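Throughout, read-outs are computed from the coordinates displayed, never taken from laboratory work. Computed from a predicted model, the values in this text were never measured in an experiment. All Cβ positions, even for glycine, are placed from backbone atoms using ideal geometry, and neighbour counts span all protein chains on display.
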Amino acid sequence: MELESLGTYLKSRRDRVRPTDVGLRTYGTARRVPGLRREELAQLAGVSVGYYTRLEQDQAGTASEQVLDALARVLQLDSAETAHLHNLARQSSASRLVRPGPETPQPRVLALLESVAETTPARVLGRRGDVLAWNRIGHALFAEHVDFDAPRDLARRPSVPRMFFLDSLMRDLHRNWDELARIHVAYLRLTAGRYPTDARLAELIGELAMRSGDFATLWATGDVADCTVGTMRLRHPTVGRVDVDYQVWLQPDSPDHRLEIFTAGDGASADALRLLAGQVTARRPADFRTEPGRPRTVEQVGTNTTESAS
């Protein structure tokens, strides 16, 4: 799948800004475009109509930071959307997709994961949302039907985006699935802007767009957002309703890898997590593997099947 260009993004953001949002009067006249006209945006940003038109057609070459910031101001972009705009502007049309090697979590990130108590769910995600590691309660909270050791196997490494949109068990788990789905897609778009030549990322987006109508609809909105804090409202098959707040920890020497830590959102959820932790402790390691006859969603839809050492 070909990833987004600067021009495509500019047009999608221009379409959503109403003239009244930026102080323009329409005098009740009919308009042929849903948002701002090119000439209106160009005038408000202080650039020529011809130059802006070339930007939107991806024919203007490199745009300066000052121009991009002016466009972001008129388009009312937030910090994540503005960062995405700058990322797209740095892309070269001559750049080719490359297939990066397998991701390996940095020792410092794993050390942080090891330091998290087993009563606190945690996991390490890679650039494309692959689970690189998780603690036992993190695994039990989000993916009991997946082999605990799957992140260590490149052929079976779970992909959170694939599972979120293609795994019915994962969908049933999240009571606020619709809200989280929008965040997932918006963050994946931000990631795509950061890594425009990542062939594996392009393949992931293309696969999800083909196999999930929900993903395709959300991707078409063009929304961009960072994902560092939030709330997941779960319907866990073992301990029932659990609300957890998540926060993301990043390491400067490993910016691609995210340590996600989940804490109870209320007293009842804290009790549920303690109950789950007790169940996890009581199990033998072999019990974490998928049993014969149980759903094997990780092999079917949640696995990073394109990952290899090549």
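Evaluating 6.51 cos²θ - 1.76 cosθ + 1.60 at θ = phi - 60° for every residue in the stretch 170-175, the Karplus couplings come out as 5, 5, 5, 5, 9, 6 Hz, glycine and proline recorded as x.
Each Lys and Arg contributes +1 and each Asp and Glu -1, all at the Cβ; summed about the Cα centre of the chain, the dipole is approximately 540 debye. Counting neighbouring beta carbons within 10 Å and listing from fewest to most, the residues Val22, Val242, Val98 come out as Val98, Val22, Val242. Relative contact order of the stretch 6-89, taken over Cα pairs closer than 8 Å and 6 or more residues apart, is 34 percent. Per-residue 3J(HN,Hα) values for the stretch 116-131, derived from phi via the Karplus relation 6.51 cos²θ - 1.76 cosθ + 1.60 with θ = phi - 60°, read 6, 4, 5, 8, 10, x, 7, 7, 10, 10, x, 3, 9, x, 6, 7 Hz in sequence order (x marks Gly and Pro). Rounded to 0.05, the FRET efficiency of the Gln43 and Ala220 pair, given R0 = 30 Å and the Cβ-Cβ distance, is 0.60.
Amide H to amide H distances under 5 Å link Trp134 with Val124, where only residues 5 or more positions off or on other chains count and H is placed in the peptide plane. Exposed loop trypsin sites (Lys or Arg not before Pro) only (DSSP loop, at most 10 other Cβ atoms within 10 Å): please give the longest stretch of the chain free of them, not including the sites. With a cap of 10 other Cβ atoms within 10 Å, the longest stretch comes to 97-310.
Charge dipole (Cα centre; +1 on Lys/Arg Cβ, -1 on Asp/Glu Cβ; no other charges) of the stretch 1-149 amounts to roughly 760 debye.
Over the stretch 107-302, Cα pairs under 8 Å with separation of 6+ residues give a relative contact order of 28 percent. Under a GNM of the chain (C-alpha, springs under 10 Å), which listed residue has the highest mean-square fluctuation: Gln76, Gln66, Gln91? Ranking Gln76, Gln66, Gln91 by mean-square fluctuation puts Gln66 first.
Derived scalar couplings between HN and Hα for the stretch 6-11 equal 4, x, 4, 5, 4, 5 Hz in order, rounded to whole Hz, by the Karplus curve 6.51 cos²θ - 1.76 cosθ + 1.60 (θ = phi - 60°), x for Gly and Pro. For the chain, modelled as a Gaussian network with Cα springs under 10 Å, which listed residue fluctuates most, Ala155, Ala89, Ala60? Checking each option, the largest mean-square fluctuation is seen for Ala60. As a rough footprinting exposure proxy, the listed residues Asp214, Asp256, Asp167 were ranked by other beta carbons within 10 Å of their own, and the order from fewest upward is Asp214, Asp256, Asp167. Among (1) 30, 51, 18, 1; (2) 37, 59, 4; (3) 34, 60, 6, which is the computed P(r) over Cα pairs in 20 Å bins from 0, in percent? Given (1) 30, 51, 18, 1; (2) 37, 59, 4; (3) 34, 60, 6, the calculated one carries the label (1).
Remark: relative contact order (the stretch 120-235) = 25 percent; criterion is Cα-Cα distance under 8 angstrom and separation of 6 or more residues. Do the sum for the chain: with -39,500 (n - 2.57) for every DSSP H run of n ≥ 4, divided by all residues, what is the mean residue ellipticity at 222 nm, to the nearest 500 deg cm²/dmol? Theoretical 222 nm ellipticity from helices: -12500 deg cm²/dmol. The fewest-to-most ranking of Tyr51, Tyr9 by surrounding Cβ atoms within 10 Å reads Tyr51, Tyr9.
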